[in-house]
Each structure stands twice: as C-alpha cells, then as structure tokens.
Amino acid sequence: MGLLSFIFGYKKNQVKEYLENGARILDVRSQEEWDRGHIDNSIHIPLDDLINRIDDINHLEKPMIVCCQSGVRSAKAARFLNLHNISAINGGGWVSLNKQL
C-alpha cells in the first residue's frame, strides 16, 4: 500500500465511521459555489459565516464532515469546530466526498 492509498483509505474509513455515527455534511463554500452544485441534504454555511453560526451547529448535536471545493477551507472549518468542542473531520472536496456517500 502506497502512502497516498494509506492517507486516502484512512480518510474514507473516517468518513464512513462518522456517517455511521449520524454525522451531517457541512459545506463551507461560497453561495455562488453552492448554487453551482452541492451534496443533497448537506448544510450550507460559508466559512466566513461559521463563527456567527457556531450555536446553530452546536444545537444539531451531531458530528460534522466538512467539505468545500478542494479541502483547504474545510480543513480550517473542521479545526475551528474541533476547537469549539464539535466533533468534525475534513471531508475534502465536495465532489470526491459525494462519490463516497
């Protein structure tokens, strides 16, 4: 098993585990990006609005799989959620995440 297979295989397992525990998908892309396509039943909160919507996410009482276009913004958002005691992982880009669902 190569390094990339190890990394991405681990990520797939993590996503599967989160989904089995009732996780919700949180998309942190801009409104324009969201309007061009998104994962069905995902929650949309742009990264810039996340700090103002943290209570909304807390009230869901669910783990979060965060996605964006490429995985950079979702990594930032997942770290931010973890700092606020919300279980979250970076799901990466929404298109590749959608293929795992």
(request) Specify which labelled value, from [x] 0.95; [y] 0.91; [z] 1.03, agrees with Rg/Rh (Cα atoms, Kirkwood Rh) derived from the coordinates of the model shown. (result) [x]
(message) If neighbour count is taken as other Cβ atoms inside 10 Å, put Arg53, Arg29 in order from fewest to most.
(response) Arg53, Arg29
(request) Counting helices only, and only those DSSP H runs with n ≥ 4, report the 222 nm mean residue ellipticity of the chain as the sum of -39,500 (n - 2.57) divided by its residues, in deg cm²/dmol to the nearest 500. (result) -14000 deg cm²/dmol
(request) Please determine, in degrees from 0 to 90 and to the nearest 10, the orientation of helix 72-83 with respect to the longest principal axis defined by the Cα atoms of the chain, where the helix direction is its Cα long axis. (result) 70 degrees
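Readers should treat all values here as calculations from the given coordinates under stated rules, not as data from a laboratory. Just so it is clear, the model here is predicted, and its values are computed rather than measured. Heads up, the Cβs are rebuilt from the backbone with ideal geometry, glycines too, and the neighbour counts pull from every protein chain shown.
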